[in-house]
Structure formats: C-alpha cells, structure tokens
Amino acid sequence: MKKSELRQIIKEELLNEAVTYDSKTGLLYLYEVPFTIEAVEGLKKLFIAYQGGNQFEVEVSIKDTVQGRKVNVSPQLAIQLYKASKKNKVASKKDFKNR
C-alpha cells in the first residue's frame, strides 16, 4: 500500500470518528458539539452557497453556547454530518422546547 493511500484511509477514518449519534437525544455530535437537523441543513446550505473556485477554502466556526464548546467545521466534516443525518433520525429544535 502506498503512503498516499494510507493517508487517505486514515483521513477518512478520522472524519468518520468525528461524527457520533446519540440515539437517546437524537442529536448528532461533532467533537462533542451537538447538532440538530436544522443546524445540519443550515451548514449544508452555507457550504453550497460558498462553493466555487479554488481561491478560497471555507471553514465555519460553531460555538455551543450552552456548554461553551467550539468546533471548526470544514466542508469534509459538513459532508460527514449530512451523511450521518441521512442515516439517523436526528432531533429537531422543536423536540427540546419543553425541556
């Protein structure tokens, strides 16, 4: 196996491990920062809006105001979140209004 292939495999594994799903709350977590379905859809729209050309690379900084945790979301991580949202039933903001 070539070094470049090994690096790609490691990169993909790290991306896969970055996103987790909590079946009790229905939230997706990216490095311990929770995401509802609305947040995932918002990131998707944002990254689609800023696609184009190779001049700029977009990365979004997200801060969880409840827990104070912060995460930088790259296009690759946004794709992983979106894929995970299609595989799992992700909670909506409405699900937490009465808690």
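The values are calculated or read from the model by the stated rules, or taken from the named source; none is laboratory data. The model shown is predicted, which means the values in this text are computed figures rather than measured ones. When we count neighbours, we look across all protein chains shown, and the Cβ atoms used for this are built from the backbone with ideal geometry, even at glycine.
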*Please find, within segment 53-99, the residue that is farthest from Thr25 (Cα to Cα) out of those that are touching a strand residue (DSSP E or B) at 6+ places or on another chain (Cβ under 9 Å) and among the β-branched types (Val, Ile, Thr).*
Val60
*If only one of Phe56, Phe47 is more than 13 Å from the chain's Cα centre (by Cα), aromatic (Phe, Trp, Tyr) and at pLDDT below 90, which one is it?*
Phe56
*Could you run through segment 43-99 and say how many residues are of a type in the set (Gly, Ala, Ser) and surrounded by fewer than 15 Cβ atoms within 10 Å (Cβ to Cβ)?*
6
*Scan segment 45-99 residue by residue and report those that are β-branched (Val, Ile, Thr) and in a helix (DSSP H, G or I).*
Ile48, Ile79
*Of all residues in segment 20-32, which are crowded, with 20+ Cβ neighbours inside 10 Å and over 14 Å from Lys89 (Cα atoms)?*
Leu30
*Could you list, in sequence order, the residues of segment 64-99 that are in contact (Cβ under 8 Å) with a residue 12 or more places away in the chain, under 14 Å from Glu32 (Cβ atoms) and of a type in the set (Val, Ile, Thr)?*
Val71, Val73
